[in-house]
Structure formats: C-alpha cells, structure tokens
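What follows is a short report on a single structure.
The values are calculated or read from the model by the stated rules, or taken from the named source; none is laboratory data. Not measured: the values here are computed from a predicted model. We place every Cβ from the backbone using ideal geometry, glycine too, and count neighbours over all the protein chains shown.
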Amino acid sequence: MNLAQRATQLLSLEGKVAIVSGAASGIGRGIAVRLAEMGAFVVGFDIDEQGAVATLADIHSRGGLGGFLRCDVSNGRNCRWAVRSIIDDKGRIDILSNCAGIAIRKDVVELTEDQWDRAIDIALKSVYLLSHEVVPHMIRNGGGSIINIGSGWSLKGGPRAASYCAAKGGVVNLTRAMAIDHGKDNIRVNCVCPGDVETPMLFSECEQLGEDREDFLREAGDRPLGRVGTPDDVANAVLFLASPMAGWITGTALIVDGGGLA
C-alpha cells in the first residue's frame, strides 16, 4: 500500500452511518456532503425540507449515499423517532455531527425569553437530545464518533449575541463532559469551533445588525489568513475528527477560524 492509499484509508468512512443535524444549508450541508464523499451513508436532519432535498441531491450528484428525515432537533419525541427510524433501517449509527443552530444578534436587554429559549433549544438542547438517543446504540455497536459544532464564541464573548454565546459555550463544555463519560465505551466526542463562515446564517446576522454586506464580510475576513471561512473548511475538520486518523483524540475543541482567535 502506497502513502496515498494509506491516507485515503485513514480518512475513509466506508460502511459508516452518519447523522448530520442542520443539514439543509451552510455548514451542515458541507459536512453532510463531505462525509458522504468519503463513504458514509449520511442522514440529514432538518425542518427545512426544501434545503435538505437540495443537500441530498448534491450528495447523490457526487456519487454518495444518504437520506433525509424531517426532524425538529429541539423536540425529544422527534429525535427519538428519527434515530429509531435509522436504527430500524440501517441497524447502526457510527457518527453524529450536531450542527443545528441559530444566531440571534441581541444583548440580554433586547432578547425576549422566547428567543432565548429557542436559541438554547436549537443549538444546545439538541446536542443533548440527539446524543441521548444515539449514544446507547453506539455503545451497543462498540463505539462511535460525535462531533459537535461550536463557535469561536464558544471560547470568547461577542457583541450582541448573548444567547448564541451562551449556547455555544455550553456545547464546548458538554463535549468535554461527554468525552469523559463515554471514553470507556470507545466513543470519541469532539467539538469544532468555526470562525465566521460564508453561509446564510452569517448573512442573516448582517441583516439583523443592519450592516452593509460587503463591509460586514470585509470586517469578518480581517484575520491572519485574510478571508472568511467556507463550509468546506469546517467539513474537512469534521471529517478528520470522524475518521480513524483521529483515533486518539477526544474532548477537544478544534478552532477552525483562519487565525481569528490567535
């Protein structure tokens, strides 16, 4: 086996079954497509059916395999049903990427209680709910990999983003706690913390703040590598953590931000 073949083997997800939440657009779509390209059967969870169908079409156009389940990941019954559907069909779940989230750009005075609850439920509670359902199946199958999507603002504060910072900070420490609890079960739990990535969510933030899009992107790209990120930048990090190449990595928060926090 030559070096190129060995590298491919170390990143291969052949025979694996993966769940990606928030798969209808942005980072979630990028992750779903990348995992499928590397051989996993990827099931996307989202409430945006039109976007999820487009993600699935992208997967199929690249020769990958996957499916879609409409799932509100902030609802425990929805999560239970969706995970059970995959187990009934495929018999296993090897990879879980918790990517669902929203960004409400308000401080604690502007933020309503309903907005706070929605942000926490989608970005943080969903990680618990899906992990609660998936981990027992991973234990039964001898292990797995969970990759949660945090943020640079998991590790530092940001302006007018109180609920987002709280939720993403919680994701990082939940990741650490899960890694400690389930290392004995051969389940690795890691977190990827992206900086600004060019996605519909980033443009939504721009609109919420009432800023000019070009100025907003220029400011977001003011970092050592001189640009905002792409979904592929984050998806590649998730692939690494999901793959055999990261076999002794758990409990980490991998910053993928072009040097923004350097």
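Brief remarks follow.
- The set of residues in the range 216-247 being assigned to a loop (DSSP other than H, G, I, E, B) and either of a type in the set (Asp, Glu) or over 20 Å from the mean Cα position of the chain (by Cα) (or both) consists of Gly221, Asp222, Arg223, Pro224, Leu225, Gly226, Arg227.
- Residues in the range 128-161 that are more than 14 Å from the chain's Cα centre (by Cα) and not in a helix (DSSP H, G or I): Gly142, Gly143, Gly144, Leu155, Lys156, Gly157, Gly158, Pro159, Arg160, Ala161.
- The set of residues in the range 82-99 being surrounded by 14 or more Cβ atoms within 10 Å (Cβ to Cβ) and either over 22 Å from Pro244 (Cβ atoms) or of a type outside the set (D, E, K, R) (or both) consists of Ala82, Val83, Ser85, Ile86, Ile87, Ile93, Ile95, Leu96, Ser97, Asn98, Cys99.
- Count of the range 162-188 residues which are of a type in the set (Val, Ile, Thr), over 15 Å from the mean Cα position of the chain (by Cα) and assigned to a helix (DSSP H, G or I): 1
- Qualifying residue in the range 71-78 (condition: under 19 Å from the mean Cα position of the chain (by Cα) and part of a helix (DSSP H, G or I)): yes
- Here Arg213 does not fit the description of being more than 15 Å from the chain's Cα centre (by Cα) and surrounded by 14 or more Cβ atoms within 10 Å (Cβ to Cβ).
- Within the range 85-117, tally of residues that are in contact (Cβ under 8 Å) with a residue 24 or more places away in the chain and part of a helix (DSSP H, G or I): 5
- All positions within the range 160-204 that are acidic (Asp, Glu) and surrounded by fewer than 20 Cβ atoms within 10 Å (Cβ to Cβ): Asp181, Asp185, Glu198
- Boolean, Ala32 is within 20 Å of the chain's Cα centre (by Cα), of a type outside the set (Val, Ile, Thr), surrounded by fewer than 17 Cβ atoms within 10 Å (Cβ to Cβ) and under 25 Å from Ser204 (Cβ atoms): no
- The set of residues in the range 44-79 that are out of contact with any Phe, Trp or Tyr (no Cβ under 7 Å at 6 or more places or on another chain), surrounded by 15 or more Cβ atoms within 10 Å (Cβ to Cβ) and within 18 Å of Val135 (Cα to Cα) comprises Phe45, Ser74, Asn75, Gly76, Asn78, Cys79.
- Pairing each residue of the range 195-206 that is assigned to a loop (DSSP other than H, G, I, E, B) with any residue that is surrounded by fewer than 17 Cβ atoms within 10 Å (Cβ to Cβ) and modelled with pLDDT of 95 or more, provided the two are 6+ apart or on different chains, yields C-beta distances under 7 Å for Glu198/Thr230.
- Complete set of residues in the range 68-100 that are small (Gly, Ala, Ser) and either at pLDDT below 95 or at negative phi (or both): Ser74, Gly76, Ala82, Ser85, Ser97, Ala100
- Evaluated against (1) hydrophobic (A, V, I, L, M, F, W, C); (2) under 27 Å from Ser154 (Cβ atoms); (3) outside any helix (DSSP H, G or I), Ala82 falls short on exactly one condition, (3).
- Flag if Ala24 is in contact with an Asp or Glu (Cβ under 8 Å, 6 or more places away or on another chain), buried (at least 21 other Cβ atoms within 10 Å of the Cβ) and either modelled with pLDDT of 95 or more or within 18 Å of Cys99 (Cα to Cα) (or both): yes
- Tally, over the range 100-120, of residues that are over 19 Å from Thr199 (Cα atoms), crowded, with 17+ Cβ neighbours inside 10 Å and β-branched (Val, Ile, Thr): 1
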